[in-house]
Amino acid sequence: MKKYILPDMTWPEIKEALKTASIAIVPVGAQEQHGYHIAEGCDSYRAKEFSALLAEECFPKVLVTPTINFGVSPHHMDFPGTITLRPETLIAIMEDVVSSLKHHGIKKFLFLNAHGGNSAPLGVAAEKLARQYEVEIAHTKFVDAAKQTLREDIDSEYFGHACEREISECLYLAPSIVREDLIEEGDMNRDAFALNYMKSDFVKVVYQFNEITNNGNIGDGRKGSYELGEKIIQEALTNLAEFIDDFVEAKRE
Ligand SMILES: [Zn+2]
């Protein structure tokens, strides 16, 4: 049986796996509101399940760490249940994960992120830790590896949170967290200053989610489907598995 999920393995199994595995995937999610229709663990479930599929594809080169189930989500705090890390906390967690696994011989890392709010802190962590610990680190918001499907199959003006994209991914990866009978379109505040600049290619405005949407979601989840989820996940898997092959082989010294 293939074994690559660290929390499901014993130390002798891990010792054996380290003979072929040279990269650790670290799934990073969030605990934050996702409208009326997706449970708040959405990003953690997606990070965890996608990482397992990617590791299966890349066996026996990779191991997967426990999922980091909290993310940097201050922009969702106006909705009940969201728990946010400070950016500094996430960077500190990544440091402790990297330094621990380096101790066990892992020198390459992929931070596999499922939540936009984590991207900037994970970028800082990667820059800092790669140099400080002399390891190689890559980081991805994994749906970015499915650009073609997103471009061709999604037509909402705004999407990216509890939308058709995210519902589709959940229907494919973790269907039990979707409330299919409650799916509705994002109730957008069309006049919101932050919304007007959301798609700007020259400036980013820090905002709260309740400024731009009343029900917590954007896009139109009613257009989501298992089939769209499968297409998104398969495109991202192909691209990231190819990346891992290159990353593992790369001799960069
Ligand atoms: Zn999400």
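Quick note: the coordinates plus some simple rules give every number you see, no bench work behind them. Everything numeric here is computed off the predicted structure, so don't read it as measured data. When we count neighbours, we look across all protein chains shown, and the Cβ atoms used for this are built from the backbone with ideal geometry, even at glycine.
Some notes on this structure:
- Area projected by the alpha carbon convex hull of segment 1-100, averaged over all directions, nm²: 7.2
- Likely footprinting exposure, 42, 170, fewest C-beta neighbours within 10 Å first: 170, 42
- Taking the C-alpha atoms of segment 95-175, convex hull volume expressed per residue in Å³: 119
- Stokes-Einstein translational diffusion, segment 1-52 - Kirkwood Rh over all Cα pairs, 1.306 mPa s, 10 °C, in µm²/s: 123
- Dipole check for segment 1-121: with +1 at the C-beta of Lys and Arg, -1 at the C-beta of Asp and Glu, and the Cα centre as origin, the magnitude is about 560 Debye.
- Farthest toward the positive end of the dipole of segment 13-59, out of 36, 53, 20, is the Cα of 20, where the dipole comes from beta carbon charges about the Cα centre.
- With both residues required to sit in the chain, DSSP beta bridges show an antiparallel share near 20%.
- Cβ crowding within 10 Å ranks 252, 222 as 252, 222, fewest other Cβ atoms first.
- DSSP H segments from the chain that extend 30 Å or more along their own axis, Cα-based, with Kyte-Doolittle mean of -1.0 or above: 226-249
- Using a Gaussian network model of the chain in which every pair of alpha carbons under 10 angstrom is joined by a spring, one finds that among 197, 133, 226 the greatest mean-square fluctuation is at 197.
- Once Rg and the Kirkwood radius are both taken over the C-alpha atoms of segment 42-139, their ratio Rg/Rh works out to 0.98.
- Dipole axis of segment 95-253 (+1 Lys, Arg; -1 Asp, Glu on Cβ), positive-most option in 149, 111, 188: 111
- Sorting 97-103, 61-67 by average packing, meaning the other beta carbons within 10 Å per residue, from highest down gives 61-67, 97-103.
- Using a Gaussian network model of the chain in which every pair of alpha carbons under 10 angstrom is joined by a spring, one finds that among 196, 69, 210 the greatest mean-square fluctuation is at 196.
- Lys, Arg +1 and Asp, Glu -1 on Cβ, resulting dipole of segment 67-190 about Cα centre, debye, nearest 20: 800
- Debye, to nearest 20: dipole size of the chain, +1 on Lys, Arg Cβ, -1 on Asp, Glu Cβ: 980
- Here the convex hull built on the C-alpha positions of the chain has a volume of 132 cubic angstrom per residue.
- Anisotropy class of segment 140-253 from Cα gyration tensor, a/c 1.5 cut: oblate
- For residue 213, the amide hydrogen comes within under 5 Å of the amide hydrogens of 189, counting only partners 5 or more places away or on other chains and with H modelled in the peptide plane.
- Theoretical ellipticity at 222 nm over the chain - DSSP helices of four or more residues, -39500 (n - 2.57) apiece, nearest 500: -12500 deg cm²/dmol
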